[in-house]
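Working notes, structure below.
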Amino acid sequence: RDPDYSGSVTLSDMQNQFVSQEIIFPKDGAKMVLISGGKFSMGDYFNDGLHDEKPIHDVYVDSFYMDAYEVTNRQYQKFVDATGSQPPKQWEDPKFNLPDQPVVGVDWFDAVEYAKWVGKRLPTEAEWEYAARAGTNTSYPWGNHMEQGVANCGQDCGDEFTYTAPVGQFPPNAFGLHDMHGNVFEWVEDCWSEVYEVAVTDGSAVLREVCMERVHRGGSWILSALGLRSANRDFGMTRCSHIYRMKGGGFRLAQALP
């Protein structure tokens, strides 16, 4: 645990305020876990990444709920059926279309429309990294080196999956979140910035009036283990043609406390 970390919600607080550690969100049936707010240092501690992970800066994050798993094909199918939205191209590919595999081939606007339909939102980038670190300041939540068989990636992970894994195949982090590292890239709310000089410190998203590129976090089944570090950042075009959408791109959702 980061020595500077200070949680803002105690067990007593949660009991007194009737805040549950876990909930099942009604519309999509997703398990969500309570992420108790606090302060953390965001960015690359070990100079393992590119300049976009600097400088390290302290951020305070309010408590929120986050999906324990990435949104699956089964869940996204309900959205497609209800709204008439275009299904991902990858549903034609048996390597990616099992019901419990994370949905891929969705651009940022697809993820936002799903979130609106469900009644949740994309996490901010700060919320995402805070949740992924789960109280640690190491490269990964389990330490500074990739361990074998704890995540799905394209190189050095020692996992059994050639493509995306069904959600929940690997142990959760200390906050109870699965697949925060590897499996699929996860869209967040923020506009892409090449450096952290523009970063905010209150856990909110970095937004601009014109935002053609959005951040996605977590690495994927395509990347090497280095791309799965908690601090690693990447981005994609917000609106992509159906043909060129990422085979590694998915998402999970967040929700403010009631």
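Worth a mention:
- Among the residues making up region 71-94, those that are in contact with a Lys or Arg (Cβ under 9 Å, 6 or more places away or on another chain) and open to solvent by 50 Å² or more (accessible area, probe 1.4 Å) are K78, K89.
- Within region 47-79, being in contact with a helix residue (DSSP H, G or I) (Cβ under 9 Å, 6 or more places away or on another chain) and among the β-branched types (V, I, T) holds for I56, V59, V61, V71.
- Residues in region 206-242 that are in a loop (DSSP other than H, G, I, E, B), among the aliphatic types (A, V, I, L, M) and either open to solvent by less than 50 Å² (accessible area, probe 1.4 Å) or in contact (Cβ under 8 Å) with a residue 24 or more places away in the chain (or both): V206, M212, I222, L223, A231.
- Just one of (1) touching a strand residue (DSSP E or B) at 6+ places or on another chain (Cβ under 8 Å); (2) surrounded by fewer than 20 Cβ atoms within 10 Å (Cβ to Cβ); (3) under 15 Å from V104 (Cα atoms) fails for T164. It is (2).
- Matching option when the condition is free of Cβ contacts under 8 Å to residues at least 60 places away in the same chain, open to solvent by 10 Å² or more (accessible area, probe 1.4 Å) and not basic (K, R), among F170, F175: F170
- Any hit, region 194-205, residues being closer than 30 Å to I24 by Cβ and not in a loop (DSSP other than H, G, I, E, B): no
- Residue match in region 118-134 (condition: out of contact with any Ser or Thr (no Cβ under 6 Å at 6 or more places or on another chain), closer than 24 Å to K95 by Cα and open to solvent by 10 Å² or more (accessible area, probe 1.4 Å)): no
- Sole exception among (1) in a helix (DSSP H, G or I); (2) open to solvent by 40 Å² or more (accessible area, probe 1.4 Å); (3) modelled with pLDDT of 95 or more; (4) within 29 Å of V195 (Cα to Cα) for Y60, by number: (1)
- The residue pairs whose first member lies in region 66-82 and is modelled with pLDDT under 95 and in a helix (DSSP H, G or I), whose second member is surrounded by fewer than 16 Cβ atoms within 10 Å (Cβ to Cβ) and hydrophobic (A, V, I, L, M, F, W, C), and whose beta carbons are closer than 7 Å, counting only pairs six or more residues apart or on different chains, do not exist in this structure.
The values are calculated or read from the model by the stated rules, or taken from the named source; none is laboratory data. Remember, it's a predicted structure, so these values are computed and weren't measured experimentally. A quick note on method: Cβ atoms are made from the backbone with ideal geometry, for glycine too, and the neighbour counts reach across all protein chains shown. Surface areas here come from the heavy atoms of the whole protein model, side chains and all, with no ligands, DNA or RNA. Shrake-Rupley method; radii C 1.70, N 1.55, O 1.52, S 1.80 Å.
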